[in-house]
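Only one structure is covered here, and it is reproduced in the block below.
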Amino acid sequence: MIVAERKPLEEIRRNLAGRKKVLVLGCGGCVTVCLTGGERQADMLASQLRTAAKVAGEPVEVTVRTPTRQCDREFIDTLKADVEAADAVVSLACGVGVQLMAEVYETKPVLPAVNTTFMGAHSGPGTWTENCRGCGQCVLAETGGVCPVARCAKSLINGACGGTNKGKCEVSRDIDCAWYLIYKRLKARGDLSFLRAEREPLDWGMSSSGTRRTLVHAEVNDQAHRRGAEGAEGAAERK
Amino acid sequence: MSKFRDSLASGRFTFTGEIGPPKGTNVEPVLEEAVHYLKDCCAAVNVTDIQTAVMRMSSLAVCRMLVERGIEPVLQMVTRDRNRLALQSDLLGAAALGVENVLALTGDHTTMGDHKEAKPVYDLDSVGLLQTMRKLESGTDLGRTMKGEPNQLDGAPKFFKGCVVTPCAEEVEPQIIKLEKKVAAGAEFVQTQAVYDPRAFEKFMKSIGHIKVPVMVGIVLLKNAGMAKYMNANVPGVVVPKEITARLAAADKKELKKVSVQIAGELIRDMRGCCQGAHIMPLGWDKEIPRVIEASGA
Amino acid sequence: MPGRQLTSEEYARLAGSDALIETEWAPCRAACPVHADVRAYLDLIARGRFREALDVIREVLPFPGACGRICHHPCEQECRRNDVDQPAAIRDLKRFVAERDYPEGQKFEKPLQERDKVAVVGAGPSGLTAALDLARLGYRPTVFDRGEAGGGLLRTAVPAYRLPRKVLAADVDAIVAQGVELRLNVEVGGAFQLDDLRSQGFKAVVIAVGLSKSRGLPIPGADAAGVELALPFLAAADSAGPGLAGKSVVVIGGGNVAVDVARTAVRLGAGRVQMACLENEKEQPAWSWERHEAAEEGVATLHRLGPKQVLVRDGRVAGAEFKAVTEVFDGNGRFNPKYDENRLTTLDCDVVVFAIGQEADLALVKGTDVKADERGRLVFDRSTSRTSAADVFACGEVVTGPGSAVEAVASGHRAARAVHQFLSGLPIDLGESLPPKIDKLAPATAQRLVKAARAEMPAVPAAERKANFGQFELGLSEAAAMKEARRCMSCASGPFVLTDKCAACLTCRRVCPFEIPEVKEIADISSALCQGCGICAAECPANAIVMAGYGPDAVRKSVDAALASLDPKGLRLVIFTCGHHAPAARWGGSDPARPAVSAKEVFLPSMSRLSAADIMYAFEAGAGGVIVLECESGTCRYPTVELRLRKRYEQARQLLIEAGVAPERLALHVGAADNQEAAFAAIALMAERVTRRAQGWAPRGQAAKPQTAEEKSK
């Protein structure tokens, strides 16, 4: 799941630059689940905007909508009337949703209300922790299900660095050393052979450090005979 | 070419020292110290690479200046700040500048240093850097041509490749596994994290008996009892026995340096039987290195 | 039972109606013969809204005073608190509100009555209920009764120590006040015939004459002096004086009437009272609590005795002889007693009272088109409440057989509906589709619930009460009643999940103090297990959980109303507090100690319902400050509310400060919901802080230390 955190109100208001009619847009997807951008949080942001406007003596008209997801055009298309009636849209979706909104409603300022932070899992009451960085070359089969790319501060692939300290990372005592966990898990499984195997350096070209990535499922893409070929070529090129 | 390699190969107990490049352009003081105190007693001198992520002058530049002064440098190279393009480029440069000894390190995380906002690179890790050196030595690099074939170098470098290990880590098995991988990737010598417990070190050395690469025990001068305690508490894999801390605590202030040197010397004396050399990290007390070596009975 | 789910569209259509809260019933309501909305009136009592509670009862039960004392309360038997500790004292609470209201007098408005005249024969609970229903529907009912007052057997057969006459009279008066004409001392079937009613323009007749005749037994000696029948015995008891002084009485029978007879005999001075019944202890039909009370008063119960003969000496009763009962019910559970004629028991006594059952006196239908069957019972169609005559209906024990008052009332309702349909020219259809009741509480859930001891009904000790006919149960105090009402678990008031909004985020599961929600494709919140605290509804990030009886905008509407009632120029403080611990009825009034500050309470069913968004809304709506009054630690029936509320307050506080609201305009006070003095202090404190800041004593940024969540006002 994509995890995001609310931006400070001040920044959101600064970006709004005094616009009077604001559409606050929650998202019913990931940001609802991580308690940052669902309908309730959209309501609360709207409430904040109205109250702040009242305090500042500049009335503002805020409406709230929360589509199922902001990362699909079909859901975004249903917002047309509300978007057109607004001077600006404040979106609580992740960066994916904000961009798609901005693309669909090109002439309307679509402003982010959250910082998209990571892909993670619920790890305790009200807590989410990063687990995946979308590196595009999953090694979890070999690392006992603990991702060294996302969970090692240095994304090492050959084992812990010298900073590993009593099972914790040198960066913070609150962070587990991923390689310590990998070692423990593989040890418990009685097979350290993966740990011993020498690895080639990772291909970061497959990852978020590379170019913008595209996935095409030819079986549902009507232009797959054309674009699919391009896509396949593109993928091969990166190898 | 490398005298350092020859020294280890000869079976002589070998010493290396260590200097840190300046934060600024005033490089003379550190070079002078190296010439005065390290040149004669060390087979080679490590030059740290933006140690603890605190920005300093380039290690390669200082290494070259040592070469010019007749001191054989060990270029420390961390993978934190450069991607594989830059690392390979600098390695070729090092070879051209007469720097042959390279110590491959991952490097402390950027958040530990004085540029916490910097983007950490870690394109390769220490094993990857060793693999890279081996590749360059073979006349190719990590990339490929348009046809998917290895790039051919116009002139291949030759390195004396080193790596590090933490002998007294809490969990020693993963350390050994990683050391095995480093050696498999081409490491030819090992410099260890600071060791203060000869018996633990001996045990570690026995456990890596199958690894046929010279090991230089790491010696960090303990300047006072406070530092001993700090290292104990905060430096991963460093265990300072109580007796050492007690000796430092009991020492007269004027005698402290002497006690510190004495301790380091005794440690080397106690461990020289089970390893092939000592890497002395003086942390600014460069002048003391000859006395440490003297105290070790070498 | 699976949880309840709706789409947002469906919800939008139903919001504001009773449809959601009526989807399923609490077991108490399902068990009640008249389906009184127990949960609703207990909640109102807990909030101190007694009159409204009584109105809820009166909607379906015109005898709150009588039933508040003598009801057999099947609601309590079914109460899900049985699985936690003890059932809620529903009957005692009914009595409390009924009783409480009497001193103030009651004003009833007569409905507009322009429809047909309807005659009801018999002014017992069923007849009066039918008449009242018809009056409410606009008919003009007249109730005929041969007695000198209304109430039927409740008046003549229920002893005054259980049901004081004036309590019953008040119930009857209230019925009359609502448009029912009562004609007493009229015997229909005597000089005045059924057909006379027709000729007088009554378009329908309801026969509700009850079972007014006690049955005797044709055994030897049954005609001797000293042999009595239960109903005349009980009817005469009021005036009989200490007629049994020192005498030994044997009551034959094991039902509730027999117990009444026995306990009445004790009060009439009998030296020894013994009940002899066919059944063993388990089989005996009388309510266990009444048997227990009788035993306390010295009544002995002898089981498995079948009356053989009354022993007579000099024409008077000298004793009773019984044969042993070997079996009361046959293999099919039918009443079919078997005796061992050789095992005999003799009880010496002076008086024998037969309390073995009642039968109808059907003199009024003799020779009319209203037929009785060969066993002397009215020919009656249960599905239409109709007799053999098209315009004559019947209700109450005359057609249902012996039962309790509330069952008679239920039967009266059915007859009234039938009459209404008949007179409206509609086919009679009494079929009712009732909502399903929720399942039993799972043991795992029951275990997690906060236990609370049931209010004890204060009673006169047996030794004292057995000497007179005074009411022996003294009634609950107001404080005890309100506390007892809070024990109601608000069963079936749980939430609906909006299927299109739920993101299956698991928040409901994670915040539920009872771990009820299951999240599969979406959240599934079992209505049978849910305790209705609403914590999940206030936390759901998708606004996908709506409480059945308390919509997502309920708090906001209350805030709007509170602000509308305040002077727009004043401070306009909104005070959120628990309606149960800070009952509006007590807090709503004008108290001289109340600070002269523009402030208004918003009473919530529980503080668990107050969301961070609700707190924020108050400012958006124009509040000058918000005070959250939390209940005293550990007093909430829902675990974890304290913690949740503080977290929500802190969240709202941060977001509001971010929006520019001055920190001194926000406060949370722990323990103040139960303590009006503390609440007043909180109001005064905020008023002072806000005013001081406005005067520039503590400019922004150097404002007086912001109140923390922990800050208590004492």
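For the range C:553-713, what's the relative contact order in percent, using C-alpha pairs closer than 8 Å and at least 6 residues apart?
The normalised contact order for the range C:553-713 reaches 25 percent.
If you project the alpha carbons of the range C:287-342 onto their three principal axes, what span does each projection cover, largest first, in Å?
44, 32, 15
What's the FRET efficiency of B:Ala200 with A:Glu219 using the Cβ-Cβ distance as r and R₀ = 51 Å, to the nearest 0.05?
That gives a FRET efficiency of 0.25.
Non-local amide H neighbours of C:Val299 (under 5 Å, H modeled in plane, Pro and chain starts lacking H): which ones?
Those qualifying (amide H under 5 Å, at least 5 residues apart or on another chain) number zero.
Give me the inter-chain shielding for A:172-178: mean count of other chain Cβ atoms within 10 Å, whole number please.
1
Which of these, A:Asp191, A:Asp222, A:Asp203, has the largest mean-square fluctuation under a Gaussian network model of chain A (Cα springs below 10 Å)?
A:Asp222
Roughly what % antiparallel, to the nearest 5, for the DSSP beta bridges in the range A:2-118?
So the antiparallel bridges in the range A:2-118 amount to around 25 percent.
How long is the range A:23-71 along each principal axis, judged by its Cα atoms, biggest number first, in Å?
Projected onto the principal axes, the Cα atoms of the range A:23-71 cover 35, 16, 12 Å.
If I take all pairs of Cα atoms in the range C:556-657, what percentage of them are more than 19 Å from each other?
For the range C:556-657, the share of Cα pairs beyond 19 Å comes to 42 percent.
Could you work out the relative contact order of chain B? I mean the mean sequence separation of Cα pairs under 8 Å and 6+ apart, divided by the number of residues, in percent.
With pairs under 8 Å counted, the relative contact order is 18 percent.
Identify the GluC sites (Glu not before Pro) of the range C:103-212 meeting these criteria: DSSP loop state and at most 15 other C-beta atoms within 10 Å of the C-beta.
Sites meeting the loop and neighbour criteria: C:Glu109, C:Glu114, C:Glu148, C:Glu187.
Using Cα atoms only, what is the angle between the long axis of helix B:225-234 and the major principal axis of chain B, expressed in degrees (0 to 90) to the nearest 10?
40
If only Cα atoms are counted, what is the Rg of the protein assembly as shown, and what is its Dmax, in Å?
45.7, 148
Tell me the Kirkwood hydrodynamic radius of chain A in angstroms, computed as one over the mean inverse distance between distinct C-alpha pairs.
One decimal place: 20.7 Å for the Kirkwood radius.
At a 10 angstrom cut-off on C-beta neighbours, averaged per residue, how do the peptides C:634-643, C:267-276 rank from highest to lowest?
Averaged packing, sorted descending, gives the order C:267-276, C:634-643.
So how tilted is helix C:165-177 from the main axis of chain C? Cα-based, degrees 0 to 90, rounded to 10.
70
Add -39500 (n - 2.57) for each DSSP H run of 4 or more in chain A, then divide by its residues: what number comes out at 222 nm, to the nearest 500 deg cm²/dmol?
My calculation for chain A gives -9000 deg cm²/dmol from helical runs alone.
When the Cα centres of the range C:18-74 and the range A:209-224 are compared, how far apart do they sit, in Å?
The two parts, judged by their Cα centres, are 63 Å apart.
Could you tell me what percent of the DSSP beta bridges with both partners in the protein assembly as shown are antiparallel, to the nearest 5?
Percent antiparallel among DSSP bridges in the protein assembly as shown is about 30.
To the nearest 20 Debye, how big is the dipole of the range B:137-224 about its Cα centre, given +1 on the beta carbon of each Lys and Arg and -1 on that of each Asp and Glu?
Value, rounded to 20: 120 debye.
Count, for each residue of A:52-60, the Cβ atoms from other chains sitting within 10 Å of its Cβ, then give me the mean as a whole number.
For peptide A:52-60, the averaged partner shielding equals 3.
Given points 7 Å out from each Cα along the Cα-Cβ axis, report the B:Ala184 to A:Asn15 separation in nanometres with one decimal.
Result for the modelled spin labels: 4.8 nm.
Measure out, as a whole number of angstrom, how far apart the alpha-carbon centroids of the range C:363-381 and the range B:100-179 sit.
Taking the Cα centre of the range B:100-179 as reference, the centre of the range C:363-381 is 108 Å away.
Choose one of C:Val188, C:Pro74, C:Thr156: the residue whose Cα lies farthest towards the positive end of the charge dipole of the range C:70-217 (beta-carbon charges +1 Lys, Arg; -1 Asp, Glu; about the Cα centre).
Value: C:Val188.
Please work out how much length the chain gains when fully extended from C:Lys557 to C:Asp439, using 0.36 nm per residue of separation minus the C-alpha to C-alpha distance, in nm with one decimal.
Separation in residues times 0.36 nm, less the Cα-Cα distance, equals 39.2 nm.
If you place +1 on the Cβ of every Lys and Arg, -1 on the Cβ of every Asp and Glu, and leave all else neutral, what size is the dipole of the range C:553-713 about its Cα centre, to the nearest 20 Debye?
240
Take every DSSP beta bridge whose two residues both sit in chain C, then give the antiparallel share in percent to the nearest 5.
35
Could the peptides C:4-11, B:207-214 be put in order, highest first, of the mean number of other beta-carbon atoms found within 10 Å of their residues?
Taking the mean over residues of other Cβ atoms within 10 Å, the ranking is C:4-11, B:207-214.
Could you state the angle between the C-alpha long axis of helix A:178-188 and the longest principal axis of the C-alpha atoms of chain A, as a value from 0 to 90 degrees rounded to the nearest 10?
It is inclined by approximately 50 degrees.
Report the normalised scattering of chain C as log10 I(q)/I(0) at q = 0.09, 0.11 Å⁻¹, calculated by the Debye formula with identical scatterers on the alpha carbons.
-0.90, -1.17
Tell me, what ³J(HN,Hα) does each residue in the range C:226-236 have, in order and in whole Hz, if you take phi through Karplus 6.51 cos²θ - 1.76 cosθ + 1.60 with θ = phi - 60° and put x for Gly and Pro?
Each residue of the range C:226-236 in turn: x, 9, 10, 9, 4, 5, x, 4, 5, 5, 7 Hz.
Please give the peptides C:590-600, A:34-44 ranked by average Cβ packing (other Cβ atoms within 10 Å per residue), highest first, as a rough proxy for protection.
A:34-44, C:590-600
Based on DSSP H runs of at least 4 residues, each adding -39500 (n - 2.57), what is the mean residue ellipticity at 222 nm of chain C after dividing by all its residues, to the nearest 500 deg cm²/dmol?
Result for chain C: -9500 deg cm²/dmol, rounded to the nearest 500.
If R₀ is 60 angstrom, what is the calculated FRET efficiency for the pair A:Arg133 and B:Leu283, using the beta carbon separation as r and rounding to 0.05?
Computed FRET efficiency for A:Arg133 and B:Leu283: 0.95.
Positive end of the charge dipole of chain B (Lys, Arg +1 and Asp, Glu -1 on Cβ, about the Cα centre): tell me which of B:Gly277, B:Gly209, B:Asn224 has its Cα farthest that way.
The listed residue farthest towards the positive side: B:Gly209.
Rounded to the nearest Å, what's the spacing between the alpha carbon centres of the range A:168-197 and the range B:201-254? Just the number, please.
25
For the range C:497-508, in order, what is each residue's ³J(HN,Hα) by Karplus, 6.51 cos²θ - 1.76 cosθ + 1.60 with θ = phi - 60°, in whole Hz (x at glycine and Pro)?
9, 7, 5, 7, 9, 4, 9, 6, 7, 6, 4, 4
Over chain C, what is the relative contact order in percent, taking alpha-carbon pairs closer than 8 angstrom and at least six residues apart?
Worked out over chain C, it gives 14 percent.
I'd like the Karplus ³J(HN,Hα) series for the range A:172-177: coefficients 6.51, -1.76, 1.60, θ = phi - 60°, whole numbers in Hz, and an x wherever there's a Gly or Pro.
Along the range A:172-177, the couplings run 7, 6, 8, 10, 5, 6 Hz.
Determine the dipole magnitude for the protein assembly as shown: charges of +1 sit on the beta-carbon of Lys and Arg, -1 on that of Asp and Glu, nothing else is charged, the reference point is the Cα centre, and the result goes in debye to the nearest 20.
Computed about the Cα centre, the dipole is about 2480 debye.
May I ask which residue of C:Thr326, C:Gly138, A:Gly97 lies farthest towards the positive end of the charge dipole of the protein assembly as shown, with charges of +1 (Lys, Arg) and -1 (Asp, Glu) on Cβ and the Cα centre as origin?
Working it through, the farthest residue towards the positive pole turns out to be A:Gly97.
Which FRET efficiency value, to the nearest 0.05, do you get for A:Arg173 and C:Asp18 by plugging their Cβ-Cβ distance into 1/(1 + (r/R0)^6) with R0 = 45 Å?
0.20
By the gyration tensor of its Cα atoms, with a ≥ b ≥ c the square roots of the eigenvalues, what is the shape of the range A:2-118: rounded for a/c under 1.5, prolate for a/b over b/c, or oblate?
Cα axes put the range A:2-118 in the oblate bin.
Report, as an integer, the average count of C-beta atoms from other chains found within 10 Å of each Cβ along A:23-31.
2
Sticking with the crude label model, points 7 Å out along Cα→Cβ, report the distance from B:Ser58 to B:Met112 in nm, one decimal please.
For B:Ser58 paired with B:Met112, the spin-label model returns 2.4 nm.
Where a number appears in this text, it was derived from the coordinates with a stated rule and is not lab data. Because the structure is a prediction, the values reported are computed rather than measured. Counting neighbours? That spans all protein chains shown, and the Cβs are built from the backbone with ideal geometry, glycine included.
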